[in-house]
Amino acid sequence: MGSILIPHLISGWHVDQAIMSEEERLVVIRFGKDGDKDCMKMDETLYKVAERVKNYAVIYVCDIEQVPDFNTMYELYDNVTVMFFFRNKHMMCDFGTGNNNKLNWVLEDKQELIDIIETIYRGAKKGRGLVISPKDYSTRHRY
């Protein structure tokens, strides 16, 4: 249900405009396949936090099958990928996973996601390109 209520970016131009046009808020884009169960779970969480973060973040979704323009550039190979942009600049976050470019797993805890968005926004306002996640996800997968 969440994905139909979040604005969809339907072309590469729309993605570029979303990233470039927002001057004061963090742009959060979920890249993935709209029909994927992981994307649906993530979209649900994004929808639930959208109202609470609307003053400092705007949330979009983009189907990588419909808009393949960024798949190679952003290495969008996972089921679900959430990326952050501020003033036309890609924001990186150290989650402890080794990949600082994106969040590529499903977060179902609303407060965790709000904390991450807020941390990235605060770092971006201070001019930082890389921020440290409020929680370490290095032990998320147990091998």
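Wholly within region 27-94, which strands (runs of 3 or more DSSP E) include no fewer than the required count, namely at least 2 residues that are surrounded by fewer than 18 Cβ atoms within 10 Å (Cβ to Cβ)?
Numbers: elements: 57-63, 80-86, 89-94.
Counting at least 2 such residues, we get 89-94.
I want to confirm something. Restricting to region 95-107 and keeping residues that are assigned to a loop (DSSP other than H, G, I, E, B) and closer than 16 Å to Ile59 by Cβ, which single residue is nearest to the chain's Cα centre (by Cα)? Full working, then the answer.
First, pick out the residues of region 95-107 that are assigned to a loop (DSSP other than H, G, I, E, B): 95-102, 104-107.
Okay, now just the ones that are also closer than 16 Å to Ile59 by Cβ, so 102, 106-107.
Details: Lys102: 7, Val106: 11, Leu107: 11 Å.
Here the residue is Lys102.
If you go through region 12-56, how many residues are farther than 18 Å from Glu108 by Cα and in contact with a helix residue (DSSP H, G or I) (Cβ under 8 Å, 6 or more places away or on another chain)?
Let us first name the residues in region 12-56 that are farther than 18 Å from Glu108 by Cα, namely 12-27, 54-56.
Subsequent filtering for residues that are in contact with a helix residue (DSSP H, G or I) (Cβ under 8 Å, 6 or more places away or on another chain) retains 12, 15, 25-27, 56.
The number of residues fulfilling the criteria is 6.
Tyr143: of a type outside the set (D, E, K, R), at pLDDT 95 or above and either farther than 27 Å from Gly35 by Cα or surrounded by fewer than 14 Cβ atoms within 10 Å (Cβ to Cβ) (or both), yes or no?
Values: of a type outside the set (D, E, K, R): yes; at pLDDT 95 or above: no; either farther than 27 Å from Gly35 by Cα or surrounded by fewer than 14 Cβ atoms within 10 Å (Cβ to Cβ) (or both): yes.
So Tyr143 does not fit the description; no.
The values are calculated or read from the model by the stated rules, or taken from the named source; none is laboratory data. Source: prediction; values computed, not measured. Don't worry about glycine lacking a Cβ; one is built from the backbone with ideal geometry, like all the others, and counts go over all protein chains shown.
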